[in-house]
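None of the figures in this text is laboratory data; all of them are computed from the coordinates on show. No experiment lies behind these values; they were computed from the predicted model shown. Cβ placement follows ideal geometry from the backbone for every residue including glycine, while neighbour counts extend to all protein chains displayed.
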Amino acid sequence: MKSKKIKSGAEEDITRVINPATDTLNIDLELAKATDPVLIVIRGSLQGKKYSMKGDSKYLVGRDKSVEIQLDDPNVSRQHARLTQKDGVVFIEDLGSRNGTFVNDEILGSQKRVLEKEDMIKIGGTIFKYLPAGQLETLYHINLTNAAYIDKLTGLYNRKYISEVLEAEFKRAKALHSDLSVILFDIDNFKLINDTHGHDCGDYVLATLGQQVKASGLRERDLAGRYGGEEFIVVLTNSSVEQAAEVAERIRKKIDTHPFTYEEKILHVTVSLGVASFQQEQHEATDIYKAADKALYESKHAGKNRVSVG
């Protein structure tokens, strides 16, 4: 345990004992105060996914593409249940679903229920855990998700998680005939950057690019990931190919205009992007990836630093 001397107003030496465990806990408690109420998937596809409920609002749960929390499950009704937050209190109600909504293994019926900390909500084959606002445990789940699913260098989702997302969203789009689009992009001349400035510079470019992607105006449900090396992917649910192309152009401009400064040198970093949308005749998630990859190749062939639509 370390100690630190500080001067009081009376110019006396006072030794304050620094306890790393306690100080860290206090910091975490302060951070926790800012967290919103959340639902965390503890069983079902995309286990660990967190749904934040901000302000006074309503969230529909179901299979329909218009709802806020979509579940690709034939045992879930199109509009299955509703969560309502009012003055910091969250209520849940079933919307006449065929198979019912369960809270702590008890069927909800037709009554609204106030959710309490750590209530377990079962809808179809998915179980959510509810945590109110300001809970320290929310930070734990965030950190757990980061450790399991986040690429440490870029801060984006890693390949394992983003592949699971694409697979799940592809199945949902096929079953519900809803929109799904993918943006695939990579860094132009990345090998030259590494060869000229070294791999530390390459890591800096990757890390900074990840920050720029996150700052490009993605919606909360649009998930960006590092697919491998200098290749990246964005999965956009309920987005047409036209909407995805607009997002791709925002990403391209964001990176093209950002000054990547490494060891007092400004590097001009650009990306080439390919966009593709789900087609009903596609059979696997890899089909939409391949379509985006083909469009990316067209951007490279046409001179780089551009968006092509497949």
Each residue of the range 259-266 in order: what ³J(HN,Hα) in whole Hz does its phi give by Karplus 6.51 cos²θ - 1.76 cosθ + 1.60, θ = phi - 60°, with x for Gly and Pro?
x, 7, 10, 10, 6, 6, 10, 8
Plugging the Cβ-Cβ distance of N194 and Y297 into 1/(1 + (r/R0)^6) at R0 = 30 Å yields, to the nearest 0.05, a FRET efficiency of 0.90
Mind pulling up the Rg/Rh value for the range 155-201? Radius of gyration and Kirkwood radius, both on Cα.
1.22
Grab the beta carbon distance between T270 and Q79, set R0 = 51 Å, and tell me the FRET efficiency rounded to 0.05.
0.70
Between K214 and D87, how many nm apart are label points set 7 Å from Cα along the C-beta direction?
3.6 nm
Rounded to whole Hz and in sequence order, give me ³J(HN,Hα) for the range 267-282 from the Karplus expression 6.51 cos²θ - 1.76 cosθ + 1.60, θ = phi - 60°, writing x for Gly and Pro.
9, 8, 9, 10, 10, 10, 10, x, 10, 8, 10, 5, 10, 4, 6, 6
V309's amide H: which non-local residues (gap 5+, or another chain) put their own amide H closer than 5 Å, with H modeled 1.01 Å from N in plane and none for Pro or chain starts?
V275
Using θ = phi - 60° and the Karplus curve 6.51 cos²θ - 1.76 cosθ + 1.60, what whole-Hz ³J(HN,Hα) does each residue of the range 176-187 get, with Gly and Pro shown as x?
9, 6, 9, 7, 8, 10, 10, 10, 10, 8, 9, 7
